[in-house]
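One structure is given here, and the rest of the page talks about it.
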Amino acid sequence: MSFNPQFARLGEVLVHEGYITEDQLKEALIKQTNFGLKLGETLLKLGHLYERDLLKALHDQLGYSIVDEAELMDLDIRTVSMIPEPFAVQNRVIAIREEGDGVIVALADPEDLTVLDNLKKLLRKPVKPILIGDKALHDTMEKYYKSIRTTSQVEDAVGGFDFVAVDEDENEITISQASSDAEAPIVKLVNLIINESIKAGATDIHIEPLTKHTRIRFRVDGALREVMNPPIGMHAGVISLIKVMSKLNIAERRLPQDGHISLKTSLKSVDVRVSITPTVLGEKVVMRLLDKGDFGFKLSTLGFEEEDMVIFSKIIRRPYGIIIVSGPTGSGKSTSLHAALKEIQDIETNIITVEDPVEYRLEGITQIETKEQIGLTFGSALRSVLRQDPDIVLIGEIRDEETADIAIKFSLTGHLVFSTLHANDAPSTITRLIDIGIKPYLVGSSLSLVMAQRLVRKICPNCIRDYKPTEQEIQDSGVALEEVPDIKFKLGTGCVHCDNTGFSGRTGIFELLTVDADIRRLIYEGGNQDLIRESAIRSGMRTLHDAAINKMKKGVTTIREVIKMTIVD
C-alpha cells in the first residue's frame, strides 16, 4: 500500500521523508508534553529538524502552499495592517495579499481552526491560509508592523504641526513651549527618531535638510539607511530641540557646535554625542550613540583568525610596551582594546583608562573621561594616572606629541600601554608616530605591536547564495586568476531577515605587525613604511586585503565588500 501523507500523522510524514529518525520522533513525543509545545516545535527545539523540512512536511500533509520568501520583501502595508498587531502577534499570523474577494494569510500553525474562524470574522472576507516558518514570520512582522507604527507616529506628529513661513532675518522658532509639552509634534518626532535608532541597533543618526523634506538616516552595520522623511517645515524645530537637549546655543546657526545628551530609555541607557554643522540648506545634525550598558564583546567573537589570535593574546600579556590599534573612525578600535582589557584583567592588576568619551563600561576597571572645558585633558589626566600606581593604561587616542610622549614614558617605565591612532594600515602607523614628533629610537624601543583593523559586513545566513563575480570585480578585488575556479563566491540576495541588505552583522579583519628585531632596526634607521611593510610581510604579516580575501573564501563576506573596504597591495 502506497504512503499517503494526507492520511498520516505529522511524525509519520517526517520519518517517511527522512527528515528525522524513529528514535528522534520517540524522544520528541516524550518531551513535547514537558515543553508544552507541538511536535514540530519540539523537534525544532531539540535540533532534530530544519524549519524548511517541517514546512515541506506540513505542505505534504495539509496541502497548504508554502509562502514565497521573496514576496515577503514587498508586502503592501495596507494589506498587512488589515490584521491589528496584537492579534497578529498572539495568533502568529500575517496578511500577505488580497486575492479575488479573499485574503491570503500566512500562519505558523495552520491547524488552529479557531484562529482561521476569528480571522474570517475580523476581516469579513474569505481567508486562504499558507504556511510560514516562525523565524520568517517574526522578522516579517517586525519589519512591517514597525513601519506601520513609525508611519502613523510621524503622520501624527506632522498632522499637529503648524507650518510657519519665516524669512532669513527672522529668529528661529522657540521651542520652550514644545519642550515642556510632551504631546508637541517636534518632541514626539525627536523621541521617535531616537527610540527607533536604538531599536535598530544604529551607531549614528543623520538629520539633514534637503530641498523639500528632512532626510533621516541611521547607520546600521556600517552602512547608512534612510528611515523617514518628515517635511522640511519641521527641520528648524527639530534642530532647536536637539540644541536645547545638548545645552548648545540655540541662536547660533552659522558655526559648528558639539554637545552631548545622556538618555535613559526603556531599552537601555545611551550617551549621545551631538555634532551640528551649517550647510547651504540649513543645519545638519549627526548624533553618535554610545551604549552605556555592560560591555558584551570577547576577543574570540571579534573575528580573529586563529594564528592572529595567538599573536595578539600573547602580546597583550607582556609586562610592558605599547600596543596600538589603528584605523578610521568606526572601525572597531575601541571594541578590540576593551575586549583585550576584559581578557587580561584580574584582581592583581590595576588597569586605568583615559578616554574621550568612555564608550564602554568595564566592571573592575578605573575609567576616566576627559573634560576639556574644565581643563581635564588627556595630558593632565595621564599625569595624574601615573600617581595612581597603574599596571596597565589605556589611552583612548594618541592625538598629539604630548599624548604620544606620555605613552612612551609609561612603557619605558614598566607599564603596558594600549592606545589607538588614525592611520590607514599598520606600517603607516609607525611613520605617523614619528611624524607626530617622537624620536625613532623611542618608537622602536617601546612599540610591541601595531594592529590595523576594519569591519566588513557578514552575509545574511538566510539569503546567502552562490555568486559568479564579473571579470571587473575579480580584477578590482586582486584575487589571483588561478585561484578563482577554487573559490565559492557568495552573496546575500536580500530578504526580510536582513531588511533587504543581504548583510547581517559585521566582523573584523586585522593586520598585525609585531615589532621584531628587523622592524626595530628599520625604525632606528628611519626606514619608510614601504620598507617596513615588506619586512613585516616577509615575517608573516597578513595584510588587511589578505585578511578580507580570507573572509571571502570562507563565505563570510562578499567580493564587493572586499573591494569596498580594502586596497590591493
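The values are calculated or read from the model by the stated rules, or taken from the named source; none is laboratory data. Predicted model only: the values in this text are computed from it and were never measured. Reconstructed Cβ throughout: ideal geometry from the backbone, glycine too, with neighbour counts over all protein chains shown. Quick note on the areas: whole protein, heavy atoms, side chains included, nothing else; ligands and nucleic acids left out. Shrake-Rupley method; radii C 1.70, N 1.55, O 1.52, S 1.80 Å.
Looking at 511, 561, just one residue is part of a helix (DSSP H, G or I), open to solvent by less than 20 Å² (accessible area, probe 1.4 Å) and acidic (Asp, Glu), and that residue is 561. Taking the criterion of being part of a loop (DSSP other than H, G, I, E, B), over 16 Å from residue 193 (Cα atoms), of a type in the set (A, V, I, L, M) and open to solvent by 50 Å² or more (accessible area, probe 1.4 Å), the residues of the stretch 231-290 that qualify are 250, 251, 255, 280, 281.
Residue by residue, here is whether (1) under 19 Å from residue 324 (Cα atoms); (2) basic (Lys, Arg) holds:
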| residue | (1), (2) |
| --- | --- |
| 335 | yes, no |
| 342 | yes, yes |
| 345 | yes, no |
| 350 | no, no |
| 365 | no, no |
| 372 | no, no |
| 376 | no, no |
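Taking first residues from the stretch 19-40 that are part of a helix (DSSP H, G or I) and partners that are among the aromatic types (Phe, Trp, Tyr), no Cβ contact under 6 Å between residues at least 6 apart in sequence or on separate chains turns up. Which one of these does residue 380 not meet: (1) open to solvent by less than 60 Å² (accessible area, probe 1.4 Å); (2) not aromatic (Phe, Trp, Tyr); (3) not in a helix (DSSP H, G or I)? (3) is the only condition that residue 380 fails. Pairs meeting the criteria (first residue in the stretch 108-120 and of a type in the set (Val, Ile, Thr), second residue surrounded by 15 or more Cβ atoms within 10 Å (Cβ to Cβ) and part of a helix (DSSP H, G or I), beta carbons under 6 Å, at least 6 apart or on different chains) are 115/91. Taken over the stretch 470-485, the criterion of being in contact (Cβ under 8 Å) with a residue 40 or more places away in the chain and more than 12 Å from residue 560 (Cβ to Cβ) is satisfied by 478, 479.
For the stretch 516-525, the criterion of a residue being assigned to a loop (DSSP other than H, G, I, E, B), surrounded by fewer than 16 Cβ atoms within 10 Å (Cβ to Cβ) and at pLDDT below 90 is satisfied by at least one position. Looking at 365, 344, 351, just one residue is buried (at least 20 other Cβ atoms within 10 Å of the Cβ), of a type in the set (Val, Ile, Thr) and closer than 19 Å to residue 391 by Cα, and that residue is 351.
Residues checked against (1) in contact with a strand residue (DSSP E or B) (Cβ under 9 Å, 6 or more places away or on another chain); (2) open to solvent by less than 10 Å² (accessible area, probe 1.4 Å):
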| residue | (1), (2) |
| --- | --- |
| 391 | yes, no |
| 396 | yes, no |
| 401 | no, no |
| 405 | no, no |
| 410 | yes, yes |
| 426 | yes, yes |
| 435 | no, no |
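Condition first: among the β-branched types (Val, Ile, Thr), under 20 Å from residue 456 (Cβ atoms) and open to solvent by 10 Å² or more (accessible area, probe 1.4 Å). Can you find one or more residues in the stretch 538-549 that meet it?
Yes, because at least one residue in the stretch 538-549 is among the β-branched types (Val, Ile, Thr), under 20 Å from residue 456 (Cβ atoms) and open to solvent by 10 Å² or more (accessible area, probe 1.4 Å).
Within the set 102, 47, the sole residue that is open to solvent by 50 Å² or more (accessible area, probe 1.4 Å) and either of a type outside the set (D, E, K, R) or more than 28 Å from residue 464 (Cβ to Cβ) (or both) turns out to be 47. Restricting attention to the stretch 195-213, the residues being of a type in the set (Val, Ile, Thr), surrounded by fewer than 21 Cβ atoms within 10 Å (Cβ to Cβ) and either touching a strand residue (DSSP E or B) at 6+ places or on another chain (Cβ under 7 Å) or part of a strand (DSSP E or B) (or both) number 2. Give the stretch 469-486 a look and list any residue that's part of a helix (DSSP H, G or I) and open to solvent by less than 100 Å² (accessible area, probe 1.4 Å), or say none. 473, 474, 476, 477, 483, 484 - these are the residues of the stretch 469-486 that are part of a helix (DSSP H, G or I) and open to solvent by less than 100 Å² (accessible area, probe 1.4 Å). Regarding the stretch 298-307, can at least one residue be identified that is open to solvent by less than 60 Å² (accessible area, probe 1.4 Å) and at positive phi? Yes, the stretch 298-307 contains a residue that is open to solvent by less than 60 Å² (accessible area, probe 1.4 Å) and at positive phi. Taking residue 311 as the residue in question, decide whether it is open to solvent by less than 40 Å² (accessible area, probe 1.4 Å), touching a strand residue (DSSP E or B) at 6+ places or on another chain (Cβ under 8 Å) and at pLDDT 90 or above. In short, no. A search for C-beta distances below 7 Å between a residue of the stretch 131-151 that is among the acidic types (Asp, Glu) and any residue that is modelled with pLDDT of 75 or more, counting only pairs 6+ apart in sequence or on different chains, returns 134/51; 134/108; 139/496; 139/497.
Pick from 140, 79, 114, 150: which is open to solvent by 60 Å² or more (accessible area, probe 1.4 Å) and of a type in the set (Ser, Thr, Tyr)?
Only one candidate qualifies: 114.
Total residues in the stretch 208-249 satisfying the condition of being within 19 Å of the chain's Cα centre (by Cα) and of a type in the set (A, V, I, L, M, F, W, C): the figure is 6. Every condition in (1) open to solvent by 60 Å² or more (accessible area, probe 1.4 Å); (2) part of a loop (DSSP other than H, G, I, E, B) holds for residue 59 except the one numbered (2). Would you check if residue 74 is of a type in the set (D, E, K, R), free of Cβ contacts under 8 Å to residues at least 24 places away in the same chain and exposed (fewer than 15 other Cβ atoms within 10 Å of the Cβ)? Answer is yes for this residue.
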